[in-house]
Amino acid sequence: MNRREVVETFARYRRGGPAITGPGATSGTLWSMGHEPATIYNMELGYATAMCLGIALAAPAERVFALEGDGSMIAGLATLTSIGRHRPPNLVTLILDNGVYATGVGFGPGITEETASSHGTRLAAVAVDCGVPADRVVEVAEPPAFEAALARAVEEPGPWVIVARIDASDATGSPTRRRPGVDVVESAVLFRREMVERGYGAPPNA
């Protein structure tokens with residue numbers, strides 16, 4: 001299974017739900033599927049799920065999606081304990097696990113570094129041990145299994161953690177990697193405006 005297969009499926013099931021992507025190729029892939037205003041792209045390492053947790057608690061009528069890489073999830077691992085404690089039923093965390101830090105920052109062109117998931121760390125097991133209900137934690141490695149898990153996650157109460165094992169074919173240096181047409185700051189401004197229009201928070205300068 002590759003990243004594009006996962007993101008294409010997500011785009012079909014999203015239904016306008018707020019989404020934040022971690023750093024790396026997922027952002028450009030999601031952008032290429034068609035931009036939706038309630039999206040923040042390329043959030044800093046370790047913060048996408050934490051921010052989505054806050055949004056899910058503040059906007060309980062929305063199904064909120066965090067799209068993380070395994071490296072970013074590991075960097076923000078303590079967030080899983082907060083998800084296990086608060087258990088927002090509208091939060092879905094999608095972890096695209098390719099076993100490497102694929103952004104290449106600090107490693108040089110075309111160079112990646114393995115994450116802990118390449119050395120025995122099972123993020124699904126960690127999520128369960130942090131208090132996320134075991135029947136809402138799923139590990140998948142094939143597109144049909146991912147689609148089946150996501151179909152449940154958009155309909156049934158969570159919190160959900162779906163760990164999708166993908167290959168590293170679009171890691172650093174791949175010609176298939178794309179960047180979104182907005183940066184993290186611009187997408188955050190658009191995201192806020194959209195959420196205010198949906199009735200969450202005060203408008204700017206209010």
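The values are calculated or read from the model by the stated rules, or taken from the named source; none is laboratory data. What you see is a predicted model; the values in this text were computed from it and never measured. Here the Cβ positions follow ideal geometry from the backbone for every residue, glycine too, while neighbour counts run over all protein chains shown.
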> For segment 57-85, what are the residues that are out of contact with any helix residue (DSSP H, G or I) (no Cβ under 9 Å at 6 or more places or on another chain) and at pLDDT below 95?
Replying inline: Ala75
> Mind checking which residues of segment 86-120 are surrounded by 15 or more Cβ atoms within 10 Å (Cβ to Cβ), at pLDDT below 95 and part of a loop (DSSP other than H, G, I, E, B)?
Replying inline: Asn98, Gly99, Ala102, Thr103, Gly104, Thr112, Thr115
> Identify, please: which residue in segment 1-47 is of a type in the set (Phe, Trp, Tyr), modelled with pLDDT of 95 or more and not in a loop (DSSP other than H, G, I, E, B) and is, among those, farthest from Thr81 (Cα to Cα)?
Replying inline: Tyr13
> Are there any pairs, at least 6 apart or on different chains, whose C-beta atoms fall under 9 Å, with the first in segment 135-160 and touching a residue at least 24 places away in the same chain (Cβ under 8 Å) and in a helix (DSSP H, G or I) and the second surrounded by 20 or more Cβ atoms within 10 Å (Cβ to Cβ) and not hydrophobic (A, V, I, L, M, F, W, C), and if so, which?
Replying inline: Arg136/Gly158; Arg136/Pro159; Pro143/Thr9; Phe146/Thr9; Glu147/Thr9; Leu150/Thr9; Ala153/Arg63; Ala153/Arg136
>> I'm trying to understand the selection: among the residues of segment 57-69, which are in a helix (DSSP H, G or I) and in contact (Cβ under 8 Å) with a residue 60 or more places away in the chain?
In response: Ala58
> Which of the residues belonging to segment 10-52 are in contact with a helix residue (DSSP H, G or I) (Cβ under 6 Å, 6 or more places away or on another chain) and surrounded by fewer than 21 Cβ atoms within 10 Å (Cβ to Cβ)?
Replying inline: Tyr13, Met33, Pro37, Leu45, Gly46, Ala50
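Of all the residues that make up segment 121-134, how many are among the β-branched types (Val, Ile, Thr), modelled with pLDDT of 95 or more and part of a loop (DSSP other than H, G, I, E, B)? Walk me through it before giving the result.
The initial filter retains those residues of segment 121-134 that are among the β-branched types (Val, Ile, Thr), namely 121, 126, 128, 132.
Next cut, modelled with pLDDT of 95 or more only: 126, 128, 132.
Those still in the list that are part of a loop (DSSP other than H, G, I, E, B) too: 132.
The number of residues fulfilling the criteria is 1.
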> What is the one condition in (1) assigned to a helix (DSSP H, G or I); (2) closer than 19 Å to Ala116 by Cα; (3) touching a Cys at 6+ places or on another chain (Cβ under 9 Å) that Ser72 does not satisfy?
Replying inline: (3)
> Which members of segment 69-93 meet the condition of being hydrophobic (A, V, I, L, M, F, W, C) and under 11 Å from Leu123 (Cα atoms)?
Replying inline: Met73, Ile74, Leu77, Leu80
